[in-house]
1. Can you report the number of residues in region 252-272 which are modelled with pLDDT under 95 and not aliphatic (A, V, I, L, M)?
2. Got a number for residues in region 149-158 being surrounded by 21 or more Cβ atoms within 10 Å (Cβ to Cβ) and either within 16 Å of ligand 2 (Cβ to nearest atom) or assigned to a helix (DSSP H, G or I) (or both)?
3. Do we find that Glu98 is over 18 Å from the mean Cα position of the chain (by Cα) and more than 16 Å from ligand 4 (Cβ to nearest atom) in this structure?
4. Find all pairs meeting these conditions: Cβ atoms under 6 angstrom apart; at least six residues apart or on different chains; first residue within region 1-18 and touching a residue at least 40 places away in the same chain (Cβ under 8 Å); second residue of a type in the set (A, V, I, L, M) and more than 9 Å from ligand 3 (Cβ to nearest atom).
5. Looking at Gln73, Gln126, which one is open to solvent by 10 Å² or more (accessible area, probe 1.4 Å), among the polar types (S, T, N, Q) and at pLDDT 95 or above?
6. Hey, among Arg49, Arg36, Arg15, which residue is open to solvent by 60 Å² or more (accessible area, probe 1.4 Å), at pLDDT below 95 and away from ligand 1 (no atom under 16 Å from the Cβ)?
7. Looking for whichever is acidic (Asp, Glu), away from ligand 2 (no atom under 14 Å from the Cβ) and either over 25 Å from Gln285 (Cβ atoms) or free of Cβ contacts under 8 Å to residues at least 40 places away in the same chain (or both) here; the options are Glu98, Glu85, Glu114. Which one fits?
8. Scan region 53-62 residue by residue and report those that are more than 7 Å from ligand 1 (Cβ to nearest atom) and either of a type outside the set (Gly, Ala, Ser) or open to solvent by 20 Å² or more (accessible area, probe 1.4 Å) (or both).
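The values are calculated or read from the model by the stated rules, or taken from the named source; none is laboratory data. On a predicted model such as this, the values are computed, not experimentally measured, just so you know. Here the Cβ is made from the backbone with ideal geometry for all residues, glycine too, and neighbour counts use every protein chain on show. Ligands, DNA and RNA are stripped out before the accessible areas are found, and what is left, the full protein with its side chains, is counted by its heavy atoms. Shrake-Rupley method; radii C 1.70, N 1.55, O 1.52, S 1.80 Å.
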Amino acid sequence: MKCKTCGQKATVNMRHHKLALCSQHYLEWVPEQTARFIKKYWMFGPDERVLVAVSGGKDSLSLWDILHRLGYQADGLYLGLGIDEGIGYSDESHRLTEKFASERGLKLHVVDIEKEYGSSIPMLAQKSRRGQGRPCSVCGVAKRHEMNRIARDLGYDVLATGHNLDDEVAVLFANTISWSADLLRRQEPVLRESDGLARKVKPLCRFGEKEMTAYALLRGIEYIYEECPFSVGSTSIYYKELLNQLEHERPGAKLAYYVKFLEAKKDGLFTPATAQDFVLTECPQCGQPTSGDGLCSFCKIIKKAG
Ligand code: AMP
Ligand code: FES
Ligand code: ZN
Ligand code: ZN
């Protein structure tokens, strides 16, 4: 297999794009494509300040690397979740994130949930008795809440996460199986800012897991290989495996599923939600928008845990 650009031996072969590239041209292609998606989906402009949520994993560290190379003003945010399980998951991911930032002279904000709220994520999950022994749902609520709060408090224009195509397709599959119209309506590469909510973007949403692994490895980014220890046996991993079987038989199926979904929505697959669907009130505790008429989900967890 030869690189399409220079004819040298290819290192990465993307069957679904019918494209093979050598290391050098692959390392150029990924940022070029990212820049194209940022423009195509109107994510942010060159003068806007971006806060990249970095977990220490390959996707978010690669995203930070790419945005920095493309010349965007991108700072990092690491949330300390207090997960000691596995190899000391949180400490190790924190260490690698700090290392990445200091080696490149990038600015990293670190917020520790336990210092901020008195309990780590596993403690909050236990005390609030949510998630049937798994802290993942509490963790998801807390991460969303804190990312939004911090992006707004620090005056960033946009919050970027490292969600890749496999993440997006697994969520799409879950939401399609249950026909969760509200969630499907909101599944977009960009969620525009609104009262109390920061703009959220996923610039890597069209790169698969393998493409991002290849990028991180070829770029020499040191990232945490371990998945979150609580994700073992999760539904989302099961869906990812199913979708990989499909992809194996039909290269390109994942990308088509996602891109055609976005196109179908643009063509009116879902009637636009009425204003009624989006009535948000202010959480009396933290002031962030919530769909209920009382405390937001995060403040409910904190109250129950307290
Ligand atoms: P996950 O929810 O673990 O699939 O991660 C999705 C995205 O959320 C990552 O690509 C990061 O952008 C962000 N993220 C996950 N964990 C953290 C963390 N501890 N601190 C900051 N951002 C995170
Ligand atoms: Fe939050 Fe796994 S990353 S529970
Ligand atoms: Zn080449
Ligand atoms: Zn609240």
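1. Here the count works out to 7.
2. So the count comes out to 1.
3. Yes: the conditions hold for Glu98.
4. So the pair list comes out as Val12/Ala214; His16/Leu255.
5. Sole residue among the options that is open to solvent by 10 Å² or more (accessible area, probe 1.4 Å), among the polar types (S, T, N, Q) and at pLDDT 95 or above: Gln73.
6. Arg15
7. Glu98
8. Residues satisfying the conditions are Lys58, Leu61.
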